[in-house]
Amino acid sequence: MTTVRRAVLTLPAAPLGPDNPLPALRTPGPAHALGAAELAALPREMARGIGRAPLRSLLPAPVRDGYGRDRAERALDALVLENDRLRVTVLPGLGGRVHSLHHKPTGRELVYRNPVFQPAAFALNGAWFSGGIEWNTGATGHTTLSCAPLHAATVPAPDGTPMLRLWEWERLRDLPFQVDLWLPEGSDFLLVGVRVRNPHERPAPVYWWSNTAVPERRRILAPADTAWHHGYERGLRRVPVPAGEDGTDRSRPGHSTHAGDWFYDLPDGGRRWIAALDEDGTGLVQTSTDDLRGRKLFVWGTGPGGRRWQEWLTAPGTEGYAEIQAGLARTQLEHLDLAPGAELSWLEAYGPLAADPRAALGTDWAAARAAAERALDLALPRTAVDAAHTAWREGAADTDPAPDAVLAAGSGWGALEVLRAGHTLPGTPFPEATLGPEQEPWRELLRTGVLPPPAKGDPPLPPQVGPAWRDMLETAPADPSTEYHLGIAQWHAGDRAQAVRSWERGLAGAEVRWPLLYCLAVADREDGHRERAAHRFAEACAELDGTVDGPAAVTVAAALTREAVDAQLAAGRPERARALWQALPEEVRARGAFRLLEARLLLAERRPDEARAVFDAGLEVPDLREGAEVLGDLWSRLTDEPLPAAYEFRMRP
């Protein structure tokens, strides 16, 4: 019998820590940007999808950078979905991640299961962790919900067995989504129904990639002869598979020196699948209905940077991993368009595959693919996947039964949107009971037309930036707190000049000035006014003193000062940077990110030997971004010696 139960997963885990209290005003970096000539060379549909609705900012999502690297045994809430063939462990408090997919008859773990929980700065807004199966929605990259709680409950599956439903309101694109997981009795396959809805009266850009980590020793097979390759040079070009332009067999992750993505060009009309097989021809296969069009392989590469990142994300001695992914578009650089009131749905299946190893692992690519697809057709015919999707849509999705038992709670932001707009979303309830302290001031604005200011000693409220909220802020009484939030909403909408005017109006009458000064400093920095930005950052730090109480005071001071010191160094003002850095509590200055700031500061003060000593003493910056080159760049300014392996995070040659 299929069951769903609560459980506790105990792992060595680093705490997530507090979110960054500063609004995420900075425009996301162009890590995947393509030039005009590159876009012109692509198929028209692909070029349109790449250019659709780029993010102006990460608002209203918070930046999550409060984690560290000190791990201790911690209990994580888990939900276990199980039949007589599979046991699926899901982490509802961490983006609904499938942590484990265990095949009982063989005793095999089908996915790469990370033995630790170690956040790193890979999500769009920071904290992310590796392993298992994750659900990426919102915009290109790992979702802002990577380490956030989702709502979870049981509902009846099409066959009457209990089904685990996960759902949440994704705030970057302002869209609700759900992920239904179920195990038919006697089935070797986890079935996953996904639905994204657009309840608005305007079109919305949609992004989705399901991302599965698999041991890197496996061979990756997909039904394609070509792929769109996106590598360290950041371009996008079509290459043959499995042997790339240099003849290397890229179906084996261990053959790639550098990190890279291969977006397989699956032919129209063919079955959608991707598999990762061990040397005996067994492993994991993922397949889906046709709407989930894309398939991708990501490898870290065997170079020192890729190896170091793998060590950084897990425990010493753990085997390496690759990622096989499935998405709505051909590549992850693209977004689809979802019409007003419309929805997208599809079905995925994950399970064991056993193919003839002589063919599946041989040098004949066509024979290898054919062997894997024959094995898949025997294990789970394409018609069975389509029939399961139809049954799910006609049953658990279309009729939208209310949850039987609520197992976990997500955020209250969905409830706030339902309350504001009166959305009807049966099957994925966002009840008022889930509203919390973060949403309460916004409910008050909705009810009275007045946005309450934060309590004395508290940092500013989390922002709201949607068009409807911006309209309400424009008509609310113009006190400094409201002007602060109005400016953030205007900034997000692209009206930066008006945002600056709102912040300047708020500053004129503000008792607590640092939040507005911070926003104005960011605006100056983004516009290239380094001197003025540095001055305003320093002024914001001076105005902060005594205005925030309790543990939040240290969190705000650390976040603000980190940006302020960086701004002083960019403006060539090391003496001001030193004063700001020195004013921080010793506990903050001892953190890795601030030790790195100190090394940069020492170099700016023409004290290279002391800057080198910071490296020699040992340095760990928990929130280094993927492919970060700051450590290597700084080291090269200090010495001609090779960069120590502990600091080698560069993903390019």
task = Determine one quarter of the surface area of the Cα convex hull of the stretch 113-163, which equals its mean projected area, and express it in nm² to one decimal.
result = 4.9
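Looking at the stretch 238-313 from every direction and averaging, what is the projected area of its Cα convex hull in nm²? All intermediate terms of the calculation are to be shown ahead of the outcome.
Values: hull surface 25.5 nm².
Its Cα hull, projected and averaged over all orientations, spans 6.4 nm².
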request  = Would you mind telling me the share, in percent, of accessible area of the stretch 544-653 contributed by carbon and sulfur at probe 1.4 angstrom?
outcome  = 48
inquiry  = Spelling out what I want: for every residue of the stretch 195-201, take phi, set θ = phi - 60°, compute 6.51 cos²θ - 1.76 cosθ + 1.60 (Karplus), and round to whole Hz; glycine and proline get x.
reply    = 9, 10, 10, 10, x, 8, 9
task = Please report the relative contact order for the stretch 333-395, taking Cα pairs under 8 Å with a sequence separation of at least 6, and give it as a percent rounded to a whole number.
result = 31
task = Could you calculate, for the stretch 326-400, the ratio of the Cα radius of gyration to the Kirkwood radius, expressed as Rg to Rh?
result = 1.10
message = Just to confirm my numbers, what's the Cα centroid distance between the stretch 262-336 and the stretch 170-228 in Å?
response = 12
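How much length is gained if the chain between Ala508 and Trp312 is pulled fully straight, taking 0.36 nm per residue apart and subtracting their Cα-Cα distance, in nm to one decimal? Walk me through the intermediate numbers first.
Values: separation 196, 0.36 × 196 = 70.56 nm, distance 4.64 nm.
Result: 65.9 nm gained on full extension.
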inquiry  = Over the stretch 121-212, what is the relative contact order in percent, taking alpha-carbon pairs closer than 8 angstrom and at least six residues apart?
reply    = 28
task = If a/c stays under 1.5 just call it rounded; otherwise compare a/b with b/c (prolate if a/b is bigger, oblate if not). Do that for the stretch 465-569, with a ≥ b ≥ c from the square roots of the Cα gyration tensor eigenvalues.
result = oblate
inquiry  = 5 Å is the cut-off here: which amide hydrogens, built 1.01 Å from N in the peptide plane, fall below it relative to Met163, excluding neighbours closer than 5 in sequence?
reply    = Val155, Ala157
inquiry  = Could you work out the relative contact order of the stretch 305-431? I mean the mean sequence separation of Cα pairs under 8 Å and 6+ apart, divided by the number of residues, in percent.
reply    = 15
query = Distances over 17 Å make up what percent of all Cα-Cα pairs in the stretch 497-558?
reply = 40
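Please report, in cubic angstrom per residue, the volume enclosed by the convex hull of the alpha-carbon atoms of the stretch 159-272. Don't skip to the end; give the middle numbers.
On the way: hull volume 21.2 nm³, N = 114.
So the per-residue Cα hull volume is 186 Å³.
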query = Nearest 10 degrees, 0 to 90: what angle lies between the long axis of helix 514-526 and the longest principal axis of the chain (Cα atoms)?
reply = 70
Computed over the stretch 577-619, Cα set: Rg, Dmax in Å = 9.8, 25
key: Long-range amide H partners of Ala127 with built H, under 5 Å   = Arg64
note = The distance between the Cα centres of the stretch 433-485 and the stretch 584-632, in whole Å, is 38
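Give me the accessible area per residue for the chain, probe 1.4 Å, as a whole number in Å². Present the calculation step by step, with values, prior to reporting the outcome.
On the way: 25080 Å² over 653 residues.
For the chain, the per-residue accessible area is 38 Å².
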query = How many percent of the alpha carbon pairs in the stretch 370-523 exceed a separation of 27 Å?
reply = 46
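Using only alpha carbons, build the gyration tensor for the stretch 85-192 and give me the equivalent ellipsoid semi-axes, biggest first, whole Å.
On the way: eigenvalues 124, 69, 18 Å².
Gyration-tensor ellipsoid for the stretch 85-192: 25, 19, 9 Å.
For the stretch 374-475, what % of the accessible area comes from carbon and sulfur atoms, probe 1.4 Å? Present the calculation step by step, with values, prior to reporting the outcome.
Numbers: 2820 of 4930 Å².
Carbon and sulfur: 57 percent of the exposed surface of the stretch 374-475.
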ask   = Distances over 44 Å make up what percent of all Cα-Cα pairs in the chain?
value = 22
query = How far is the Cα center of the stretch 349-408 from the Cα center of the stretch 116-155, in Å?
reply = 24
note = Computed, not fitted: 222 nm per-residue ellipticity of the chain from DSSP H runs ≥ 4 (each -39500 (n - 2.57)), nearest 500, equal to -9000 deg cm²/dmol
query = What GluC sites (Glu not before Pro) in the stretch 264-350 are in a loop by DSSP, with at most 15 other Cβ atoms within 10 Å of the Cβ?
reply = Glu279, Glu319
Estimated translational D of the stretch 1-125 in µm²/s (Stokes, Kirkwood radius over Cα pairs; 25 °C; 0.890 mPa s) = 135
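The values are calculated or read from the model by the stated rules, or taken from the named source; none is laboratory data. Values in this document were obtained by computation on a predicted structure and should not be read as measured data. Quick reminder, even Gly has a Cβ in these numbers, built from the backbone with ideal geometry, and neighbours come from all protein chains shown. Ligands, DNA and RNA are excluded from the accessible area calculation, which covers all protein heavy atoms including side chains. Shrake-Rupley method; radii C 1.70, N 1.55, O 1.52, S 1.80 Å.
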